[in-house]
Amino acid sequence: MEHPPSGTVTFLFTDIAGSTRRWQDEPESMAALLAEHDAILRDEIERHEGHLFKHTGDGVAAAFPAASGMCTLVIDPSGTLDSAATTDSRISELYSLAPGTLR
C-alpha cells in the first residue's frame, strides 16, 4: 500500500522475542536474521494491504485499512511469517494488535 490508510484502522506491532540477548551473544547471525525478517514482513504486510510506517529495531509498526487483512497476515495458515521469517527455530515473533483512528 503506497499511501497510509485513514479513518478507523488496525495497527500491528511486531517484535522478535529475546532479541536483545541474541544481539549480545550472536550479533552477526542476528544481523542476517533481522535482514531476512524485515524483508519478509515488508512483503507480507504489503501483500495483505497494510502500510508499514515504522521500523522499531527488531520489529515493525504497520496499519491496515481492515482488520481482516492484518488478521489474515498473522493467522496465515501457510505460516509464511512463522516459517520464513524465523528460519532459526530459536527466534519467535510477538504480535500486538490495536484498533485506532488515523486522520
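The values are calculated or read from the model by the stated rules, or taken from the named source; none is laboratory data. These numbers come from a predicted model, not from an experiment. Note that each Cβ is placed from the backbone with ideal geometry, even for glycine, and that neighbours are counted across all protein chains shown.
Table for the structure above
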{"read-out": "Answer residue from region 33-74, given it is touching a residue at least 60 places away in the same chain (Cβ under 8 Å) and of a type in the set (A, V, I, L, M) and is surrounded by the most Cβ atoms within 10 Å (Cβ to Cβ) among those", "value": "Met70"}
{"read-out": "Near pairs, Cβ below 6 angstrom, 6+ apart or cross-chain, from region 1-29 (part of a strand (DSSP E or B)) to any residue that is of a type in the set (Ser, Thr, Tyr)", "value": "Thr8/Thr101; Phe13/Ser96; Thr14/Tyr95; Ala17/Ser92"}
{"read-out": "Per-region count, region 1-24, residues on the phi > 0 side of the Ramachandran plot and hydroxyl-bearing (Ser, Thr, Tyr)", "value": "0"}
{"read-out": "Matching residues, region 31-72, being hydrophobic (A, V, I, L, M, F, W, C) and either over 14 Å from Val9 (Cβ atoms) or part of a loop (DSSP other than H, G, I, E, B) (or both)", "value": "Ala31, Ala32, Leu33, Leu34, Ala35, Ala39, Ile40, Leu41, Val60, Ala66"}
{"read-out": "Matching entry among Arg103, Arg21 (being at pLDDT below 85, among the charged types (D, E, K, R) and loosely packed, with under 12 Cβ neighbours inside 10 Å)", "value": "Arg103"}
{"read-out": "Number of positions in region 24-55 that are polar (S, T, N, Q) and modelled with pLDDT of 90 or more", "value": "1"}
{"read-out": "Identity of the residue in region 6-40, of a type outside the set (Ser, Thr, Tyr) and within 24 Å of Thr101 (Cβ to Cβ), that ends up farthest from the chain's Cα centre (by Cα)", "value": "Gly7"}
